[in-house]
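Asks: Got a structure for you, questions after.
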Amino acid sequence: MNARFDVIVIGAGHNGLAAAEALAKRGKSVCVVEQSDAVGGMACDRLAHLLYNPAPSGVETREIDTVSLSPEGAHVLIRRGEARFTSGKPHPDAAAYQTLYRRLVRYAGLLHQLAEAPPPGLEQGVTSLAGLRELSRLAKLGVGVKRLGKAEMREFLRILLTNAYDLLLDEMPDGPLPGALAADAVRGAFSGPRSPGTVLSLMYRLRHGGGVFLPAGGMGAVAGAYAEGARRAGAEVRCGLGVTRVIVEGDKVAGVLLSDGGRLDASAVLSSVGPMQTMRMAGIAEFDIEAVRRARKLRAKGSTAKLNLRLGGVPEFTGLSAAQVKARLLVAPSVAGVERSFNPAKYGDLPKQPVLEMVLTDGTGPSTLSVIAGHVPETSWTTDRRESFTASVVETIERFAPGFGSLVEEADLLTPEDISAMTGAPGGHWHHAEMGLDQMLTTRPTVGMARYRFGVAGLYLCGASAHPGGDVTGAPGRNSAAQVLADGVA
Amino acid sequence: MMDGRIETRDVAAVPVGLIETPVFSRLDQISTAKQWGNWAGYISPLVLDTMEFEYFAIRNQSTLLDVSPMHKYRVTGPDAETMLNRMVTRDLRKVAPGRVAYAMWCDEEGMVIDDGTLFRFAENDFRLCCQESMHGWLLDAAWGFDVEVIDESHSVAGLSLQGPTSFSVLQAAGLGAAGSLKPFDLVKLEPDLWVSRTGFTGDLGYELWVPWDRLTKLWDRLWAQRAPWGMRAIGTHALDMVRIEAGFVAAKVDFQPVLTASRLGRGRTPIELGFERLVHFDKGHFNGRRALLKQRDTGPRYNLVRLDIGGFKPAQDALIYHRKRREVGHVTSGIWSPTAKRNIALAELRAPFGGEKTDDLWAEVYVNEEGRWDKRLVPVTVQTKPFFRNDRARATPPRAF
């Protein structure tokens with residue numbers, strides 16, 4: 001007799017755990033199966049360091065400043081819409097920056113309601129109550145856009161689909177200040193500020209108001225809170241156990257086979273990994289040819305590496321106070337520089353001048369500089385290549401913090417390949433699938449999958465490749481769980 | 001040029017216009033009508049002599065048609081059956097090696113992409129013959145399966161030998177072993193020569209498949225036996241008449257292959273085309289199954305039906321009315337059938353017409369009487385059986401009919 005649950009969740013990432021919690025709270029028996037030994041998926045200290053949205057309950061966060069480093073030493077201190085030089089002097093473009101920033105946050109707020117709930121869908125038509133409810137959500141966006149006033153509405157529609165490069169440099173001269181926004185617009189993405197749709201991805205990043213938060217106890221604490229929430233709701237979380245196969249019988253999910261040879265029965269399976277990995281687990285023959293093609297063609301080219309540098313002491317950055325060193329440090333000296341760093345990635349090469357986001361971890365023990373480096377190739381990471389990339393990152397930091405290199409005691413580089421192996425994220429992509437115009441809202445991850453459902457009854461997607469996508473919000477998981485409940489399959 | 005650019009004149013000449021099949025020179029020699037058409041990029045005869053002669057040869061003697069322009073794809077490998085079974089609507093597990101199966105395949109919404117014949121040479125070896133180019137679709141369908149898909153359109157050629165004396169011609173040409181073939185059987189009679197008892201006429205007939213460069217030889221071998229059996233070479237116009245009599249549907253005529261239709265809602269499901277018996281819901285998943293399952297419960301939107309039409313004027317493209325008032329569909333293929341002595345047609349009717357509702361249907365036929373148009377409303381009756389049926393089509397062994 002196999003163990004039976006109402007729902008099995010593949011992967012104990014924050015989204016899988018959020019889905020498990022939502023389902024367990026509604027009285028479903030839930031088992032979360034995680035192949036690695038730790039919960040949290042990409043929400044772990046080795047991989048992530050900051051939150052851009054409210055943390056789960058029980059986790060304290062602290063909003064921190066951003067410092068965009070300047071090769072000339074004119075570093076810019078940014079907090080939400082305010083910008084000045086780290087020396088305290090006013091920044092000549094502060095007013096233009098503030099206007100632009102506030103506008104983007106206001107526009108992002110309009111998209112916010114679409115971004116958190118499941119994507120709007122009119123598949124039921126407008127003759128049913130559910131269909132009308134969907135229509136009203138779209139109407140709300142329409143009303144919101146209308147309320148902006150004629151001039152602002154025009155501006156919203158004008159910039160919505162454009163690229164960050166043009167938007168930023170229309171408003172101010174190039175430098176570390178617009179560079180910071182450009183870097184934020186493309187972080188985790190296989191795109192440069194000149195790529196179309198990067199204004200939308202920037203708005204997406206700012207949709208919670210644009211604050212940058214450091215969770216107390218690190219990302220591990222965030223993951224712990226998600227796991228705790230799931231367990232408290234009654235879900236079972238089993239680590240160190242992979243799912244080798246999703247069992248499908250008569251076009252319905254029947255359960256999963258586990259890496260230890262065991263089997264769990266369930267009428268619903270939620271998968272935190274990508275659509276293609278999920279299809280492979282259930283068997284390609286169970287899906288329509290077009291659905292497989294779309295999953296195959298999903299743009300999920302990992303382009304972001306994580307480098308954890310353990311330091312023998314606290315680094316000193318020229319021109320930064322001890323407090324400012326604890327800010328989010330960006331190496332994005334110009335919008336053009338961010339675009340240039342993307343160029344080699346198109347050909348599978350390393351960026352010559354990598355764009356970096358760095359956070360010095362809290363605490364009294366040995367400090368670690370957590371670095372996210374953009375625009376790296378997805379594959380072909382030889383030992384040589386790893387070493388030379390690590391060296392080039394350290395060298396880049398050295399330029400702003402003389403003597404930094406000698407502080408580095410240990411370097412832990414996680415390439416997209418490593419991230420994929422560790423977490424199951426498709427291609428090791430930061431957001432599981434590129435946050436492009438064609439892969440957002442009703443077309444995320446692909447056409448026909450916006451309702452988190454696969455063709456096989458009872459099979460759902462609950463990871464970041466589903467709407468609303470990346471970031472540690474748990475929203476894809478919760479939305480997926482809501483769909484499971486609405487469909488009444490478990 | 002040294003700078004890596006390419007001069008247009010250095011590029012090998014690409015053939016422009018229609019391409020000749022291996023037997024074109026033979027056809028050109030015997031053609032008195034000189035009516036040529038474009039069949040998948042090849043020069044193909046529409047009529048060689050007169051359509052009437054050719055039609056009657058199909059029904060009374062035997063005929064030879066070059067079917068080499070047909071698209072042909074070889075699918076081999078351990079997963080060939082699984083992969084194709086996921087693509088087509090019928091259950092291929094029931095099609096044994098040495099058999100041919102007529103099949104349809106659909107998109108994810110259950111709309112027919114194309115129909116064709118699947119030849120099963122061996123457990124893991126199939127060939128799909130169809131009208132539309134299907135290489136890209138097959139590659140998509142094959143993704144994730146251990147199979148190899150090869151486009152044999154230009155390397156495998158075929159002749160269709162059809163008609164009551166077709167077996168006698170085969171026997172005279174030394175291919176009498178084909179006598180044991182039952183309809184839809186397939187056998188390798190000689191190295192490089194496969195013979196199947198298949199065709200598009202609803203009558204006794206065979207298709208012979210050889211490598212491209214062997215076609216001329218095969219043509220000559222059969223052509224040499226033509227005299228006592230009254231064999232004629234034919235064009236596709238006559239073939240179109242007999243396939244309507246047999247009740248076979250033609251892509252782009254009776255239905256629009258959904259991948260080539262650009263307008264919404266032009267696709268039709270196998271159920272709507274009258275082929276629900278070839279949709280095997282119990283075989284596991286296949287492309288479009290979920291959509292078709294839904295339609296099985298809600299019912300079709302259209303019904304493609306066979307019609308017996310009053311009068312004798314072919315009703316091609318005629319509109320169909322209910323109670324002479326309400327337009328409910330149109331004729332997709334219509335001819336005067338010389339064999340059935342009836343005015344016959346295939347027509348698409350909006351459901352429930354052609355399904356539950358079949359009475360009081362009328363066709364509006366336009367007749368051009370030397371410059372003056374006349375409009376006639378003639379009664380139509382829905383037929384369930386093909387217009388042409390003859391036991392000789394199924395008799396095994398076949399006789400010299």
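Bear in mind that the values in this text are calculations on the coordinates, not laboratory data. Since we're looking at a predicted model, the values are computed, not measured. Cβ sites come from the backbone with ideal geometry, for glycine too, and all protein chains shown count toward neighbours.
Asks: May I ask for the Kirkwood hydrodynamic radius of the range B:121-216, worked out over all distinct Cα pairs and given in angstroms to one decimal?
Replies: 14.8
Asks: Another one. Pick out which of B:Arg232, B:Arg289, B:Arg26 has the largest mean-square fluctuation in a Gaussian network model of chain B, springs linking Cα atoms closer than 10 Å.
Replies: Answer for the Gaussian network model of chain B: B:Arg26.
Asks: Ignoring everything except DSSP H segments at least 4 long, calculate the 222 nm mean residue ellipticity for chain A; use -39,500 (n - 2.57) per segment, divide by total residues, nearest 500.
Replies: -11500 deg cm²/dmol, from helical runs alone.
Asks: Another question, if that's okay. May I ask you to list the trypsin sites (Lys or Arg not before Pro) in the range B:237-284 that are in a DSSP loop and have at most 13 other Cβ atoms within 10 Å of their Cβ?
Replies: B:Lys252, B:Arg263, B:Arg266
Asks: OK, next. Quick one: which residues, 5 or more positions from B:Phe255 or on another chain, have an amide H under 5 Å from its amide H? H modelled 1.01 Å from N in the peptide plane, none for Pro or chain starts.
Replies: Hits under the 5 Å cutoff: B:Ala250.
Asks: Using a Gaussian network model of chain B with C-alpha springs under 10 Å, which one of B:Pro183, B:Pro191, B:Pro78 is most mobile by mean-square fluctuation?
Replies: B:Pro191
Asks: How much length would be gained if the chain were fully extended between B:Arg214 and B:Ala400, taking 0.36 nm per residue of separation minus their Cα-Cα distance, in nm to one decimal?
Replies: Going from the current span to full extension adds 64.2 nm.
Asks: Now for a separate question. Among B:Gln316, A:Tyr97, B:Leu218, flag the residue with its Cα farthest along the positive direction of the charge dipole of the protein assembly as shown, charges on Cβ as +1 for Lys/Arg and -1 for Asp/Glu.
Replies: B:Gln316
Asks: Residues with beta-carbon under 14 Å from that of A:Leu77, excluding A:Leu77: net charge, scoring Lys, Arg +1 and Asp, Glu -1?
Replies: +2
Asks: With a ≥ b ≥ c taken as the square roots of the eigenvalues of the C-alpha gyration tensor of the range B:1-160, please select rounded if a/c is under 1.5 and otherwise prolate if a/b is larger than b/c or oblate if it is not?
Replies: Oblate.
Asks: Now, a different point. Can you give the charge dipole size of the protein assembly as shown about its Cα centre, rounded to the nearest 20 debye, using +1 on the beta carbon of Lys and Arg and -1 on the beta carbon of Asp and Glu?
Replies: 2560
Asks: Out of residues 5 or more away from B:Ala233 or on other chains, whose amide H comes under 5 Å of its own, with H placed 1.01 Å from N in the peptide plane?
Replies: Result for B:Ala233 returns B:Leu64.
Asks: Based on other C-beta atoms within 10 Å, arrange B:Lys341, A:Lys25, A:Lys306 from fewest to most.
Replies: Going from sparsest to densest Cβ surroundings: B:Lys341, A:Lys25, A:Lys306.
Asks: Give a quick list of GluC sites (Glu not before Pro) in the range B:121-168 that DSSP marks as loop, anything other than H, G, I, E or B, with at most 12 other Cβ atoms within 10 Å.
Replies: B:Glu123
Asks: Under a 10 Å cutoff between Cα atoms, tell me which one of B:Leu218, B:Leu139, B:Leu307 has the largest fluctuation in the Gaussian network model of chain B.
Replies: Of B:Leu218, B:Leu139, B:Leu307, the most mobile in the Gaussian network model is B:Leu139.
Asks: For a label point 7 Å from the Cα of A:Arg102 along Cα→C-beta, name the residues of the range A:198-228 whose backbone N is under 17 Å from it.
Replies: Output list for this probe position: A:209-211.
Asks: Take the Cα radius of gyration of the protein assembly as shown and divide it by 2.2 N^0.38 Å, with N its residue count; two decimals is plenty.
Replies: 1.18
Asks: Quick one: angle between helix A:218-232 and the longest Cα principal axis of chain A, in degrees between 0 and 90, rounded to 10, please.
Replies: Helix A:218-232 sits roughly 20 degrees off the main axis of chain A.
Asks: Give me the distance between the Cα centres of the range A:409-463 and the range B:14-30, rounded to whole Å.
Replies: So the separation of the two Cα centres works out to 53 Å.
Asks: To continue, here is another question. Tally Lys/Arg at +1 and Asp/Glu at -1 over every other residue whose Cβ is under 12 Å from the Cβ of A:Tyr97; what's the total?
Replies: With Lys, Arg at +1 and Asp, Glu at -1, the neighbours total +2.
Asks: Using the Karplus curve 6.51 cos²θ - 1.76 cosθ + 1.60 with θ = phi - 60°, what ³J(HN,Hα) values do you get for each residue of the range A:257-269, in whole Hz, with x for Gly and Pro?
Replies: These are the phi-based 3J(HN,Hα) values: 9, 9, 5, 8, x, x, 9, 10, 9, 6, 9, 9, 10 Hz.
Asks: Under a point spin-label approximation (7 Å from Cα along Cα-to-Cβ), what is the A:Arg147-B:Thr260 distance to one decimal in nm?
Replies: Once both label points are built, they end up 5.3 nm from each other.
Asks: Could you work out the local net charge near B:Phe24, counting Lys and Arg as +1, Asp and Glu as -1, over the other residues with Cβ closer than 13 Å to its Cβ?
Replies: Once positives and negatives cancel, what remains is -1.
Asks: Mind listing the phi-derived Karplus ³J(HN,Hα) values for the range A:180-196, rounded to whole Hz, using 6.51, -1.76 and 1.60 with θ = phi - 60°, and x for any glycine or proline?
Replies: For the range A:180-196, the Karplus curve yields 4, 5, 4, 5, 5, 5, 10, 4, x, 9, 8, 7, x, x, 7, 5, x Hz.
Asks: What are the residues whose amide H is under 5 Å from the amide H of A:Ser271, where those residues sit 5 or more places off or on another chain and H is modelled from the backbone?
Replies: A:Ile10, A:Tyr460, A:Leu461, A:Cys462
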